[in-house]
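Peer 1: Before I ask anything, here is the structure I am working with.
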Amino acid sequence: MQYGRTKRKNRLFSLFLLLCCFLLLFGIFKTARPIVTVFAQTTAVNHATKAVNKTVEEYLDTLQLHYADIAQLQTDTNGEVVAIRIDSMVLNQIKTGVTAKIAEVFADIQTIHPGIPIGTLTGSNFFTGKGAEIPFSVSYSATAESELSNLFVTRGINQTQHQIVLQVTANVKVLSWGKTNTSEIKTQITIAETVIVGMIPEIYAGANDELWPNLVE
């Protein structure tokens, strides 16, 4: 009889311990989930940003373009720059090529395996970044589009720097712990530049200027 009571007590105690462990794990999960989600989002966005920058830089390196390959300065009889003629065909090649290369990189879902410190999971600023790292998987996909624009920057007395800037906008969808979040990243790279002495000249494109309305003034 005494043995039966002891066995029942042990069983109840075991169930109590299991319940405590479950509640503890549930509390940890509830606290850690938003932290892991933010950490995963930040990590994936940083990874995608580096991938975009690397892809654009490598593609531009293969083209080996200079300012004169994209734009021609036109002067008046006094040698003053009065206009800049943009080669819209070259710019179209750059825009199309960059977008295609980025699409190749993100053709498949990217999976990365970052590690998050145990201290970070506590949600305490004091323990953030401390302790051993727990590895986990983050999957993300991305789409991108590119645009080209002109930028004039004053560089001194009667001097203006003309930059042709490529801006890439990517939408990154991150899947972590069953939740999907989307972030937008933008990166700008100057693909050509020169310093012009005198007033800011007008800009116009070639025969296909309808492709580049933002380049026509």
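The values are calculated or read from the model by the stated rules, or taken from the named source; none is laboratory data. Source: prediction; values computed, not measured. Each accessible area value is taken on the protein alone, full model and side chains, heavy atoms only, with ligands, DNA and RNA left out. Shrake-Rupley method; radii C 1.70, N 1.55, O 1.52, S 1.80 Å.
Peer 1: Per-residue accessible area for residue 189 at 1.4 Å probe radius, Å² rounded to 10?
Peer 2: Accessible surface of residue 189 is approximately 30 Å².
Peer 1: Cα centroid distance between the stretch 65-90 and the stretch 131-150, in Å?
Peer 2: The stretch 65-90 and the stretch 131-150 have Cα centres spaced 37 Å from each other.
Peer 1: Got a number for the accessible area of residue 113? Probe 1.4 Å, square angstrom, nearest 10.
Peer 2: So the heavy atoms of residue 113 present about 130 Å² to solvent.
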